[in-house]
Amino acid sequence: MGGLQQPYEYRRRELAEPDWRRLPGWTDVTPAEWESAQWQRAHCVKNTRQLRDVAGPGLSEAFLADLERDQRERATMSMLIPPQMLNTIAPSVAASDPSCTEAWYADPVRRYMLPVFSDRQPLWPSHPYAQRDSLHEAEMWAVEGLTHRYPTKVLAELLPTCPQYCGHCTRMDLVGNPTAAFGKHKFAMAREDRLTAMLDYLRQTPGVRDVVVSGGDVANLPWPRLESFVSALLEIESVRDIRLASKALMGLPQHWLSAEVTAGMTRLAATARARGVNLAIHTHVNAAQSVTPLVAKAARAMFEAGVRDVRNQGVLLRGVNAGWPAPAGKTSAGPLLDLCFALLDGAGIMPYYFYMCDMIPGAEHWRLTLGEAQQLQSAIMGYLPGFATPRLVCDVPYVGKRWVHQVARYDTTLGISYWTKNYRTGLEAADPLALEREYPCYDPVHLLPAAGQAWWRDRVRQPELVELSLSHDTAQ
Ligand code: SF4
């Protein structure tokens with residue numbers, strides 16, 4: 001097999017921490033400061049003025065104006081990016097280089113963490129059916145913030161903040177600060193009451209064995225509070241899997257490397273082991289360049305603390321890890337495979353899922369069609385070990401995660417895929433047809449053939465037609 005030309009050429013890449021001192025705002029920052037979680041949190045970039053101060057005059061005023069316009073008119077998430085993440089943007093370009101702005105525009109991490117107005121799809125920035133809570137999680141709250149969608153597992157949203165805000169965030173309805181264009185839902189209950197109610201629900205619901213402890217990002221909960229919540233979960237006999245969701249393992253690895261957190265995780269992991277519970281960390285990395293030596297060190301620290309696994313749940317995003325045309329004789333899955341190998345070889349993190357980007361407002365320029373996602377899934381098969389080959393999934397509203405090839409029917413002209421489900425949520429308790437129904441999901445309109453785009457243009461002009469035709473399709 002050696003010497004054969006393959007669509008993807010694997011080669012082992014060494015991880016690299018870009019030199020932050022190339023950025024004018026950080027020329028004097030010492031390694032000790034850089035590795036301090038406190039320093040990182042205190043120096044997050046939250047607005048264009050701070051970005052200008054860090055990046056210096058190499059980043060053009062036109063770029064900053066593009067970013068500001070997006071914040072005013074389109075952004076669903078406010079700007080918040082820790083130095084660790086910012087430093088991975090255009091990692092090999094000096095701030096004084098004339099190509100600096102161009103490199104920032106083209107950069108995968110910039111594209112989803114600092115979206116600019118000119119990135120957005122001009123004709124269809126949002127799908128006609130885009131929704132703030134696109135997965136209807138709040139409708140499935142058993143208690144406020146506890147989504148019970150699948151029969152045996154729940155998602156506990158402990159808090160609505162993160163150390164970093166991603167432009168495509170699915171929970172944009174709840175997570176983060178209000179933006180100029182979008183307010184945020186506020187939890188009605190006080191946090192302590194909510195967390196107590198969640199634990200009470202789980203004690204009374206022994207059919208739930210798997211708890212995703214999330215947010216937001218658990219790295220923003222004071223450690224003692226997180227430890228006491230997870231300790232209480234470990235007391236519940238029926239809970240067998242606990243997954244802590246934290247993008248900060250990549251965005252702010254300094255948090256997971258702090259002495260308080262590693263000591264606390266060691267205590268939790270020891271209890272979990274003694275009780276036969278699987279305690280894992282789920283992180284969210286979308287681009288290979290984000291996997292730096294510090295990220296690998298944080299993952300290693302978690303293994304040394306005794307967690308069972310560190311897994312990655314990324315999001316398929318055009319221009320970030322997908323959606324480029326394939327170079328001649330090569331695969332378009334190159335960036336996705338590079339990311340998976342960086343995670344696996346470099347940091348021991350398991351590539352687990354890639355979600356198709358959900359249909360929130362302003363997401364159309366990032367989203368792939370189902371057909372593109374199916375091609376990607378096929379293209380990555382056979383390169384990674386089977387246990388580390390991620391599943392590409394579509395999170396279908398009212399259904400849940402479905403592998404992209406599980407679609408029941410797919411109308412590629414109208415860009416509507418139809419899915420079925422094999423379990424009920426509490427919402428369908430009284431619906432005898434819940435398990436026979438087909439549930440629709442939609443491709444971005446601007447990627448459809450001309451006939452499909454014309455169909456959607458007509459429907460948007462006459463919204464009642466959309467309702468009629470889609471309720472007909474759904475009921476079939
Ligand atoms: S870390 Fe997760 S919850 Fe927080 S903004 Fe990003 S995608 Fe949303």
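A short reminder: the numbers here are calculations on the coordinates, not readings from a lab. Predicted model only: the values in this text are computed from it and were never measured. Positions of Cβ are backbone-derived with ideal geometry, glycine not excepted, and every protein chain shown enters the neighbour counts.
Data for the structure
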read-out	value
Rounded to 5, percent antiparallel among DSSP beta bridges of the range 138-405	25 percent
Whether the chain is rounded, prolate or oblate, judged on the alpha carbon gyration tensor where a/c under 1.5 counts as rounded	rounded
Burial order of peptide ranges 6-16, 134-144, 25-35 (average beta-carbon count within 10 Å, highest first)	134-144, 25-35, 6-16
Nonlocal amide H pairs with Leu392, under 5 Å, H built at 1.01 Å	Phe354, Val404
Relative contact order (percent, whole number), the range 270-366, Cα cutoff 8 Å, 6+ residue spacing	33 percent
Net charge of neighbours whose Cβ lies under 9 Å from the Cβ of Ala347, counting Lys and Arg as +1 and Asp and Glu as -1	+1
Peptides 71-80, 54-63 ordered by average Cβ neighbours within 10 Å, highest first	71-80, 54-63
3J(HN,Hα) from dihedral phi, the range 283-297, Karplus parametrisation 6.51/-1.76/1.60, rounded to Hz, x for glycine, proline	10, 9, 10, 10, 9, 4, 5, 6, 7, 9, x, 5, 5, 4, 5
Neighbourhood net charge (14 Å Cβ-Cβ; Lys/Arg +1, Asp/Glu -1) for Asn312	+1
Pairwise label distance in nanometres, Asp431 with Thr262, each label 7 Å out on the Cα-Cβ vector	4.9 nm
Computed FRET value (nearest 0.05) for Glu235 with Val460, which takes r as the C-beta separation and R₀ as 51 Å	0.45
HN-Hα J in Hz across the range 104-113 - Karplus 6.51, -1.76, 1.60, θ = phi - 60°, x for Gly and Pro	5, 4, 7, 6, x, 5, 4, 4, 10, 8
Cross-link partners of Lys401 among lysines (Cα-Cα below 29 Å; sequence separation of 8 or more within a chain)	Lys153, Lys184, Lys186, Lys247, Lys421
Proximal aspartates and glutamates relative to Lys46, as straight alpha-carbon distance under 15 Å, when same-chain residues fewer than 8 apart are discounted	Glu68, Asp70
Fraction of beta bridges assigned by DSSP in the chain that are antiparallel (%, nearest 5)	40 percent
Percent RCO, i.e. relative contact order, over the range 20-119, from Cα pairs under 8 Å lying at least 6 residues apart	32 percent
Whether the range 20-119 is rounded, prolate or oblate, judged on the alpha carbon gyration tensor where a/c under 1.5 counts as rounded	oblate
Mean separation of Cα contacts under 8 Å (6+ apart) over length of the range 138-405, as relative contact order %	14 percent
Charge context of Leu448, other residues only, Cβ under 11 angstrom, K/R +1, D/E -1	-1
Built amide H within the under 5 Å cut-off of Met350, gap 5+	Val310, Arg311, Asn312
Added length on full extension, which subtracts the Cα-Cα distance from 0.36 nm per residue, Thr152 to Phe387	82.3 nm
